[in-house]
Amino acid sequence: RQELHAQKAFSGQQQTIINTIQTSYVEGLMNEGDTMKIDQGFHPSFVMTGLGDKDELWVHPIDKWRAQKIEARKAGKLPRPAEKTVTLNYHFIDITGNTAVAKVDYNEGGITTYVDYISLYRINGQWRIISKIFHKVD
C-alpha cells in the first residue's frame, strides 16, 4: 500500500478518503476487529452487496459484519497475524461533490483476492463508507 501511494499523487480529499477506508475498513474491520475504528468511518446504514451463484443479490449490513468481527476477536482470530494482513491497492478515487467511489484491490497476505468498489458520502464534513460491491478474483 505504501509503495502504491509513493507512485500515485492523490488530492487532499482523496487522501482523506484513503485514511477513512484504511482506518475503518482495513484496520478496524478486517485486521483488528476494533469497533471504535469501524464506527469512525462506516455509516450505520452501510451494506455490502454480493452476487450469489445463481445471480441472486444478497446484502450484509454493517451491524451484522461488525458483530462477526467482535466474535472473531473474542475467538482469537483477530487481530490478524502479519502474514495474513489485509492491504489495499488503489486503482482510483473519483469524487463528485459529496459523493465518492474508490476502486481497490483487496489483498490478503499480499495476494489479491477481491476487487472492491467502495462508495462514500461526505456527511457533516466527514467521509463515511456507505456501501461496497466486489468481484472475487479466481
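Numerical summary
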{"item": "Positions within segment 80-107 being of a type in the set (S, T, N, Q) and in contact with a strand residue (DSSP E or B) (Cβ under 7 Å, 6 or more places away or on another chain), in sequence order", "result": "87, 89, 98, 99, 107"}
{"item": "Residues of segment 20-40 classified as touching a Ser or Thr at 6+ places or on another chain (Cβ under 8 Å) and under 17 Å from residue 105 (Cβ atoms), total", "result": "2"}
{"item": "Subset tally (residues that are in contact with a Pro (Cβ under 9 Å, 6 or more places away or on another chain) and open to solvent by 90 Å² or more (accessible area, probe 1.4 Å)) for segment 46-87", "result": "2"}
{"item": "Subset tally (residues that are polar (S, T, N, Q) and over 19 Å from residue 29 (Cβ atoms)) for segment 82-105", "result": "3"}
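The values are calculated or read from the model by the stated rules, or taken from the named source; none is laboratory data. It should be emphasised that the depicted structure is a prediction, and the values quoted were computed from it without experimental measurement. Ideal geometry is used to build each Cβ from the backbone, glycine not excepted, and the neighbour counts take in all protein chains shown. These accessible areas exclude ligands, DNA and RNA; they are computed on the full protein's heavy atoms, side chains included. Shrake-Rupley method; radii C 1.70, N 1.55, O 1.52, S 1.80 Å.
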